[in-house]
Amino acid sequence: MGFLDSIKQGAGKVTFEADRMLRLNRVESAMGALKKNLEAQELDLGRAAFQLFKQNLLQIPALEGRFAQMVPLEKEIEEKRIEADRIRAEAAPQPVAPALYGHVCLNCKISLPIGAMFCPRCGGAATDVLPPAAAGRSCSRCSTAVSSDALFCPKCGSRVESEPSKAADSNAPAGGGESFRYATDGDTRLSPEPPALYCPTCRTQLPPDAIFCGSCGRPLSS
């Protein structure tokens, strides 16, 4: 066999192998598509049979055990779906406004139930904080601090005695210091009475120098 014959023979084998691989790939690709189609048909058939089984319309002893195992799985999937929907609907917690007055935590400044000794959030000690206008007023029975407009004690329920009336023309405070009076008719030398301050959200009347609302915690604009 000559040199040229060897080259021709080798080229023929290469051509044959290339054609063989091409035809093989085509057949395997078609076979894969048919398998996927068959699997989809089997899946649809299984689903249809499972639905008939749940409706007591299909009785195949050989498959009843398999179908019975699928029922709790389907219920568990539905429970997880409901849980996932609930998690998607969750919203970020809103920050709690600090409590300025009342029974509050000394550490994180949140409002606490009357009688609580410690904060459930941080473990800090609880205390009673009074508004400036109510400083020094307390229940005569249990000594609990009460606000200036309280009629009953928030701890023991006893009626709170009203504050003793003060002389309208008293100029000097009991503890000494600079005197201060609101202006009266005809007296222009005294400081004018500041306008009443109300919270724009809950309409609670506040001290003239309040920065936050003691009832709802809203910051007040200057």
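Out of Leu63, Leu34, report the one residue that is of a type in the set (A, V, I, L, M, F, W, C), part of a helix (DSSP H, G or I) and modelled with pLDDT of 90 or more.
Leu34
Which numbered condition trips up Val71, out of (1) part of a helix (DSSP H, G or I); (2) of a type in the set (A, V, I, L, M); (3) under 30 Å from Cys216 (Cβ atoms)?
(3)
Only one of Glu74, Glu64 is acidic (Asp, Glu) and within 40 Å of the chain's Cα centre (by Cα); which?
Glu74
The values are calculated or read from the model by the stated rules, or taken from the named source; none is laboratory data. These numbers come from a predicted model, not from an experiment. No Cβ is skipped: glycine too gets one built from the backbone with ideal geometry, and neighbour counts run over all protein chains shown.
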